[in-house]
Amino acid sequence: MIAYQIPNLKRLCTGTGRSIADLANESEVSCRTLYNAITGSAVTSENVHKICTVLECKPTDLMTQPDVQSALNDLANEIKKYRLFVGEVYDRFEDRLPGLK
């Protein structure tokens, strides 16, 4: 059995709007295996295939480290999501937090 490290798993998973739990359910790969893969453990080729099927990617997409620009784009997207979240929280509690204006 051949096993592979897949350092891009978390990036590709969040890029498709899925949580690790979502990916586990859709791919039938256990959460434990997926979390272990995120922290650097190797994954069997069978599990890589299942993950790629769900994420609609090639195995090399999971295995190759992203270039700097891709990493910066991912970070910018996470910051945008955070700003939207903060805005929604503020909008919900604006009447309760009058001192924030």
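The values are calculated or read from the model by the stated rules, or taken from the named source; none is laboratory data. Small disclaimer: the values here were computed from a predicted structure and weren't measured. All Cβ positions, even for glycine, are placed from backbone atoms using ideal geometry, and neighbour counts span all protein chains on display.
Residues in the range 20-59 that are touching a residue at least 24 places away in the same chain (Cβ under 8 Å), assigned to a helix (DSSP H, G or I) and either among the polar types (S, T, N, Q) or surrounded by 18 or more Cβ atoms within 10 Å (Cβ to Cβ) (or both): Leu23, Ser27, Leu34, Ala37, Ser45, Val48, Ile51, Thr53, Val54, Leu55.
A single entry from Leu75, Leu34 fulfils the requirement of being of a type outside the set (Ser, Thr, Tyr) and at pLDDT 90 or above: Leu34.
The number of residues in the range 60-84 being part of a helix (DSSP H, G or I) and either of a type in the set (Ser, Thr, Tyr) or touching a strand residue (DSSP E or B) at 6+ places or on another chain (Cβ under 7 Å) (or both) comes to 4.
Residues that are of a type outside the set (Ser, Thr, Tyr) and either in contact (Cβ under 8 Å) with a residue 12 or more places away in the chain or touching an Asp or Glu at 6+ places or on another chain (Cβ under 7 Å) (or both) within the range 3-17 comprise Ala3, Gln5, Ile6, Pro7, Asn8, Leu9, Lys10, Arg11, Leu12, Cys13, Gly15, listed in sequence order.
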